[in-house]
Structure formats: structure tokens, C-alpha cells
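Enquirer: My questions will all concern the structure given below.
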Amino acid sequence: MDFDRIIDRFGTHSQKWDMMEKTYGVPASDGLAMWVADMDFQPPRCVSDALQGMVDHGIYGYYGDDRSYLNAIRWWMQERHGWRVEPEWVFTTHGLVNGTAMCVDAFTDPGDGVVIFTPVYHAFARVIKAAGRRVVECPLRHEDGLYRMDFDAYDAAMDGSEKMLILCSPHNPGGRVWTREELQDVADFARRHDLVLVSDEIHHDLVMPGHTHIPMANIDERIADRLVMMTATTKTFNIAGAHSGNVIIADETLRARFAARMSALGLSPNSFGLVMAEAAYSPEGAAWVDALVDYLDGNRRLFDAGVNAIPGLASMPLEATYLAWVDFSGTGMDKGEFTARVERDARIAVNHGPSFGQGGETFLRFNLATPRIRVEEAVARLQDAFADLQ
């Protein structure tokens, strides 16, 4: 669990590091990659040992008998989240972007509206548009430094063509852990407008001390007939390259519709992702996650203290995830100027706020899942880049 160890990821086909200069113009020689949402930490030893076991065996055939894999999922969700999952509810997709796309394909038709609360994870809008559906943006309110939902406004915006709502819980990029009351409001909204509710909970294990994530499945049994849950080991354990995720559906009718689309597209999971997930969902994996969250909390506190000391910058309080959401509106600068200072002057590659939809125009997203010395360096560079404001 040496999270301070610097691991050189250049030349490893890392999107985050090897594509930084091409994508943002941030030099590979001394740039800091704080954009793509993966971590610069090795996964727990149990995951590496499971992969080594496959290598030592030396035969990479089709995966069969998934009982131990499904039992690991059941154990993790019950032990870590108090959520009962039955094996027959679980579908394994090629990651949760694929899972989201599969839900859009299975539960909506071309031209239907799909509701998202923006700003939100950019892949949602991308797959909705690619499927020929209509993105319905319901902007979050930026209030007292946090995001809030405004269901009076959302109700007024609905025209009846909407068929699905995709929720990001915990929220990316704002880092909110939605309260029980807020999640109940989401459930009620989905019922009022007869929406299939897809709850993407990929960050549910990465919750900062003092906050508790509640699975949407535990909020209201009255939405069971419209609820689709999505979870994955990939963010939690830094194994995104496994491209493995779970779509979990309790309702038999929804489950049959999803299964039909999976079958029609000939989709099945890869052995490596399932072996890694089973190993991760274990007591050893749980201990590693606890240590990881404690380390990320330290990075968060360091980053926020340094960034919030710069006049005009405000880092949204991070309740979950490892993704800091920084507002530059107080600088009075336009997007081009504050982005140039971060990328050209500070030499930090970050995600641009507008890609997350309405409300992201004055923000940049910083990935803090990296050794602390890099977070310290990023803060120092940002303070230098905005020194004239101090």
C-alpha cells in the first residue's frame, strides 16, 4: 500500500500520460497528467496475484462457472454497502460506458429524451447522442459551494418524450454524496415522469470520511420496477483497462429486455476482468480500499488548502471520488485565459469543464489520485501561474 511510490507510466500505452502532450499540449518532459480518471497507484496485491496465476497457468480460454465471481459481488455489496444482490440480477459489460450505452439501447427508442443532471460525466451525453436519442440537460444549482437539485425546474422542463434518467451517484465531477432525501427526490421524479432510472454508482467505494453513500436500490422499493444499478471494480481498484462493469437489475421485466439486447449483440465478458474483479472483492481488497481512501483524503485536503488560498479559485468540497472540481469564475478571466495558465504556465493537463455540460463553463477537473508529491507540485505550480492575483 505504498501510495507515495512514483511509477513511470510513459511508454505503457497510458492514455493519461502518453496522450497528454498530443491532447493538451502539456509537455511530456515535465507535465503533470491530472485528467483521465484512473489512478497512478498499483492495485492491491490480491489482484496482481490473481493475474499472475493466470499467466503461470498459461492458457487463456473462455471463462466458465461464474459462481465464485457472482458470490464475490454479493459479498462486497452486502458487506460494504448493506445492499442485497442476487446472482441472477448481474450482467457483466465491457465497462460502465458500455453499460450505459446498453441501457440506452435496451430501454429507449431513437428520438426519446434521456435526462441527465449537468454538469456530469461527459460520456453520458456522448453515448446518448451517438444512439440517436435526445440529451435533456437538467442543470444543477451551484449553491453554497455545492451542487443541489431543483426538481421544480426539472418538472417544468419535461414534455413527456423523456424515457430515461441517468444519475451519477456519487457525483462526477462535483464529488457530491447525495443524501437520502435527495435520492428520494430523484426516485419520486422518476416515478412522476415514468422514467427508467439508471444509477451509475462507479465511485461508491471512494467516499471521504464523514460521508456515507446510500445505494439507490436501498432508497425506495417502489422504484424497483424501473431501477437499473451500475457498479464496477475498475475505479475502486484502478483496473480500468480490464473494461469490466456490472449492470444489476432486480426487476424481471427490465432484466429480460436487457438480456435480449446483450444476446442480440453477442456480448460476453473477458476472463481477465472477471478474475481481477473476484480477487478485488475480498477482505484484502477491502483493507486496501480503506487505506486508499485515507490517502486520497490527505491529497484532497492538501489540494483544497493550496487552491482555495488563490484569490478567485474555489475547489468544490470533495465528498467522494478523487476528482477535484475547481471554479475559476472568481478570477474574472475567460475560459481561454485561465485554461492557458493551467496548461501552458503550470503545465498541468486537466479536463475542461464545458465537456461536462451546462454549468461547467468556468470549471476545470483535476485528478488527485497520484502520489502526494505530485499534488504538492501541482499546487505550487498553480500558485505560481496565478501569482498576480495574490
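The values are calculated or read from the model by the stated rules, or taken from the named source; none is laboratory data. Given the structure is predicted, the values throughout are model-derived calculations rather than measurements. For neighbour counting, all protein chains shown are included, and Cβ atoms are generated from backbone atoms with ideal geometry for every residue, glycine included. Note: areas computed on protein heavy atoms with side chains; ligands, DNA, RNA excluded. Shrake-Rupley method; radii C 1.70, N 1.55, O 1.52, S 1.80 Å.
Enquirer: Under 16 Å from the Cα of LYS235, which lysines turn up, not counting those fewer than eight places away in the same chain?
Expert: Qualifying lysines at Cα under 16 Å: LYS16.
Enquirer: Calculate the FRET efficiency for ASP56 and GLU284 from the Cβ-Cβ distance with a Förster distance of 22 Å, rounded to the nearest 0.05. Intermediate values should be presented prior to the final figure.
Expert: Numbers: r = 19 Å, r/R0 = 0.87.
So, using R0 = 22 Å, E works out to roughly 0.70.
Enquirer: So which aspartates and glutamates pass the test for LYS129, namely a Cα distance under 15 Å, with those fewer than 8 places away in the same chain ruled out?
Expert: The qualifying aspartates and glutamates are ASP105, ASP109, ASP112, GLU137, GLU162.
Enquirer: Can you work out the FRET efficiency for the pair GLN42 and THR253, with r the C-beta to C-beta distance and R0 = 51 Å, to the nearest 0.05? Write down the numbers at each step before the final one.
Expert: Values: r = 42 Å, r/R0 = 0.83.
Calculated transfer efficiency: 0.75.
Enquirer: Tell me, what is the per residue accessible area of the chain in Å², probe radius 1.4 Å?
Expert: Working: 15930 Å² over 390 residues.
Heavy-atom SASA per residue in the chain reads 41 Å².
Enquirer: Using a 7 Å offset from the Cα along the Cα-to-Cβ direction at both ARG180 and ARG192, what is the distance between the two label points in nm, to one decimal?
Expert: 2.2 nm
Enquirer: Short version: ³J(HN,Hα) in whole Hz for each residue of region 183-200, in order, from phi by Karplus 6.51 cos²θ - 1.76 cosθ + 1.60 (θ = phi - 60°), x for Gly and Pro, what are they?
Expert: 5, 5, 4, 5, 4, 5, 4, 4, 5, 4, 10, 6, 9, 5, 9, 9, 9, 7
Enquirer: Suppose only helical runs count, i.e. DSSP H with n ≥ 4. What mean residue ellipticity at 222 nm does that imply for the chain under -39500 (n - 2.57) per run, divided by all residues and rounded to the nearest 500 deg cm²/dmol? Before the final figure, lay out each step's value.
Expert: Values: 14 runs with 151 residues, N = 390.
It lands at -11500 deg cm²/dmol.
Enquirer: In whole angstrom, and with the biggest value first, how far do the Cα coordinates of region 1-79 range along each principal axis?
Expert: Taking the Cα atoms of region 1-79, the three principal extents are 47, 33, 24 Å.
Enquirer: Where a ≥ b ≥ c are the square roots of the eigenvalues of the C-alpha gyration tensor, would you call region 307-366 rounded, which needs a/c under 1.5, or, failing that, prolate if a/b is larger than b/c, or oblate?
Expert: Details: a/c = 1.31, a/b = 1.22, b/c = 1.08.
Rounded, because the longest to shortest axis ratio a/c is under 1.5.
Enquirer: How long are the semi-axes of the equivalent ellipsoid of region 246-390, taking √(5λ) for every eigenvalue λ of the Cα gyration tensor, in whole Å from largest down?
Expert: Details: eigenvalues 293, 90, 35 Å².
After diagonalising the Cα gyration tensor, the semi-axes are 38, 21, 13 Å.
Enquirer: Also: Collect residues whose amide H, placed 1.01 Å from N in the peptide plane, falls under 5 Å from the amide H of GLU162; neighbours closer than 5 in sequence don't count.
Expert: GLY113
Enquirer: Give me the number: length gained by fully extending ARG301 to GLU376, i.e. 0.36 nm times residue separation minus the C-alpha to C-alpha distance, one decimal in nm. Write down the numbers at each step before the final one.
Expert: Numbers: separation 75, 0.36 × 75 = 27.00 nm, distance 1.10 nm.
Residue separation times 0.36 nm, minus the Cα-Cα distance, leaves 25.9 nm.
Enquirer: Taking the Cα of ARG261, stepping 7 Å toward and past its beta carbon, and measuring to each backbone N in region 112-129: which are under 17 Å?
Expert: Within reach of a label on ARG261: 112-116, 123-129.
Enquirer: If you count, for each residue, the other Cβ atoms within 10 Å and average over each peptide, how do 117-129, 133-145 line up from highest to lowest? Before the final figure, lay out each step's value.
Expert: Values: 117-129: 21.5, 133-145: 16.2.
Descending packing order for the listed peptides: 117-129, 133-145.
Enquirer: So, counting K/R as plus one and D/E as minus one, what does the shell of residues with Cβ under 10 Å around ALA349 add up to? Working shown, then result.
Expert: Details: positive: LYS16, ARG347; negative: GLU21, GLU343.
Taking every other residue near ALA349 into account, the sum is 0.
Enquirer: Kindly provide the pair-distance distribution of region 153-255 built from C-alpha pairs, with 5 Å bins from 0 and whole-percent values in order of increasing distance.
Expert: Spelled out per bin, shortest first, that is 2, 12, 21, 23, 19, 13, 6, 2, 0.
Enquirer: Counting Lys +1, Arg +1, Asp -1, Glu -1, what net charge surrounds ARG133 among other residues with beta carbon under 9 Å of its beta carbon? Write out the running numbers ahead of the final one.
Expert: Working: positive: LYS129, ARG134, LYS163; negative: ASP109, ASP112.
The answer is +1.
Enquirer: Could you tell me which of rounded, prolate or oblate describes region 64-129, using a ≥ b ≥ c as the square roots of the eigenvalues of the alpha-carbon gyration tensor, with rounded for a/c under 1.5 and, failing that, prolate when a/b is larger than b/c and oblate otherwise? Show your work: numbers first, answer last.
Expert: Working: a/c = 2.70, a/b = 1.93, b/c = 1.40.
Judged from the Cα gyration tensor, region 64-129 comes out prolate (a/c at least 1.5, a/b above b/c).
Enquirer: Rounded to the nearest 5, what % of the DSSP beta bridges within the chain are antiparallel ones?
Expert: On the way: 20 of 41 bridges.
In the chain, DSSP labels about 50 percent of beta bridges as antiparallel.
Enquirer: Further question on the same structure: Pull up the cross-link candidates among the lysines for LYS22, meaning alpha carbon to alpha carbon under 21 Å and not fewer than 8 places away within one chain.
Expert: LYS335
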